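A short write-up of the structure that comes next.
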Amino acid sequence: VLVLNNDMKRTINLLIIGLNSLSIVAQEQWTMNRCISYAIEHANSVRKQRIEIRQSRYDMTMAGLDFLPTISAQLSGQYSWGRNIDPETNTYNTITTFNNYYSIGAEMRLFDGGRTFNAFRQARLARLNSETALQKAADDKAVVVMTKFIEAVYHQKSIGLASRKLADSKALLHKTRSLFELGEKSRPDVVQIESQVAEDDYNLLHQQNAAQSALLALKSEMNFPVEDLLELDTSVVSCPISTDDAGHIYEMFGSESPDVKLAVFKAENARYTYLIQRGLLLPSLSLSGGISTNYYRNLSQKTKRGEVFGRQFHNNIGEYIYLQLSIPIFAPSRWRTVHRAKSDWLEAQLVLEDTKQKLNADIVQAVSDRDGCVREIVKMEKKVESDSLAYRLSVRKYEEGMLSAFDLHTAAQTLLESRIKLLQIQLTLEMKIRLVNYYKGNRLWTLK
């Protein structure tokens, strides 16, 4: 038996703690693409669309089977007593009988105003559109997750800025107290810097709480377990100014946009609905045929049991075939339905035009925002550099007694606001870059 002393136990515990720390550090960070892929894979909205795809395939199969004849069979039994017709003599009599009827028939529509054909085309269109609806659901989820990811990264990086400012304020407070002991600073200066440290400490706590809330919102959109660790990749990309033409992007993406495809589907679906309803005003022609037989037994005659079942079943067989032509003459309710369907079709066409115009405006806006963010970053980086230099000079003046603590606090706040503004523009640029790339047909998320 191996006996461990206290030193060995302490060493083993330190090794375990070290290995756990290494595993946490070595854990792969979650990039935006990874978060989006996870969210799409686990999103209930995407799962519902996959169910709709299976249902649309089944609906198209059933619509295709409507071209085939319908077949039906009937079986019935009947007891009769009192005065009724005797099947053997075809005269009225007071007897008790048992009748058993069998029939099987088929009906095929030869012409129904194009309703069956248009219903099949409508079902096939719905099956093709189900793939677009799935992509639309994935795109919507990706945009929401991308926004939540940007917000979470913004708040996490804001913690670093707040921590940096708190550290500077604490260092300044330590120096101010030293200068106060030497008689170079007054007590109000020390109190003013202490107030600034307290304010920065509060801002740091506020940013930490905001970061936690933003991370929980991201997990919720991803359908990610709340109790699990989600470490985000907070690196910010930089992109040079490009010269994408919004009109050219619209020409390439206009027909591939899920929003436009869905609007086209709704317009085509409304047109098929109108054609189907209009077919109700046209004559219909159907062909039917079948076979029927029956079995009869007189229960009032105790001695005569009647013919056996097999012989009657064969002898009573009859066949039939007929054509049926139906012509609607006066049907006001159908006229109203047709008129409503035509109005819906015209409205769907207007919605399609609005969708295309909105997409064009969104592409122009996305390109303009992205290029604007690139130019703003250049200007804001210069401002941050200038504000940083101004703050360092203000600290030197404060140490030499040439600047008040209030003015120094103003310079520090200006620098912090510039850094936060630069961070916002950088993260906005990353989102706009992805949005423009999406309009260019380069999806950064895939469906599994």
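Against the condition open to solvent by 90 Å² or more (accessible area, probe 1.4 Å), farther than 30 Å from Ser103 by Cβ and of a type in the set (A, V, I, L, M, F, W, C), how does Ile329 come out, does it pass?
Numbers: open to solvent by 90 Å² or more (accessible area, probe 1.4 Å): yes; farther than 30 Å from Ser103 by Cβ: yes; of a type in the set (A, V, I, L, M, F, W, C): yes.
Considered against the rule, which asks whether it is open to solvent by 90 Å² or more (accessible area, probe 1.4 Å), farther than 30 Å from Ser103 by Cβ and of a type in the set (A, V, I, L, M, F, W, C), Ile329 comes out as yes.
The residues listed here are Asn269, Asn294; of these, the one that is surrounded by 17 or more Cβ atoms within 10 Å (Cβ to Cβ), among the polar types (S, T, N, Q), modelled with pLDDT of 85 or more and not in a helix (DSSP H, G or I) is Asn294. Looking only at residues of the range 245-262 that are open to solvent by 30 Å² or more (accessible area, probe 1.4 Å) and of a type in the set (A, V, I, L, M), we find that the one that is farthest from Glu353 (Cα to Cα) is Met252.
The condition of being part of a helix (DSSP H, G or I), of a type outside the set (A, V, I, L, M), closer than 26 Å to Ser76 by Cα and in contact with a Ser or Thr (Cβ under 9 Å, 6 or more places away or on another chain) does not hold for Gln324.
Of the residues screened, Ile193 is one that is part of a helix (DSSP H, G or I), among the hydrophobic types (A, V, I, L, M, F, W, C) and open to solvent by less than 20 Å² (accessible area, probe 1.4 Å). Go through the residues of the range 206-215 one by one and say whether even a single one is modelled with pLDDT of 90 or more, under 30 Å from Thr410 (Cα atoms), open to solvent by 60 Å² or more (accessible area, probe 1.4 Å) and not polar (S, T, N, Q). Checking the range 206-215: at least one residue is modelled with pLDDT of 90 or more, under 30 Å from Thr410 (Cα atoms), open to solvent by 60 Å² or more (accessible area, probe 1.4 Å) and not polar (S, T, N, Q).
Conditions tested, residue by residue: (1) open to solvent by less than 30 Å² (accessible area, probe 1.4 Å); (2) at pLDDT 90 or above.
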residue: Trp345; (1), (2): no, yes
residue: Gln349; (1), (2): no, yes
residue: Asp354; (1), (2): no, yes
residue: Val378; (1), (2): no, yes
residue: Arg392; (1), (2): no, yes
residue: Asp407; (1), (2): no, no
residue: Glu417; (1), (2): no, yes
residue: Lys421; (1), (2): no, yes
residue: Glu430; (1), (2): yes, no
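Selection of the range 157-190 for residues being under 23 Å from Gly401 (Cβ atoms), polar (S, T, N, Q) and assigned to a helix (DSSP H, G or I) yields Ser169, Thr176, Ser178.
The values are calculated or read from the model by the stated rules, or taken from the named source; none is laboratory data. Remember, it's a predicted structure, so these values are computed and weren't measured experimentally. Virtual Cβ from ideal backbone geometry, glycine too; neighbours counted across all protein chains shown. Accessible surface is based on the protein model in full, side chains and every heavy atom, while ligands, DNA and RNA are left aside. Shrake-Rupley method; radii C 1.70, N 1.55, O 1.52, S 1.80 Å.
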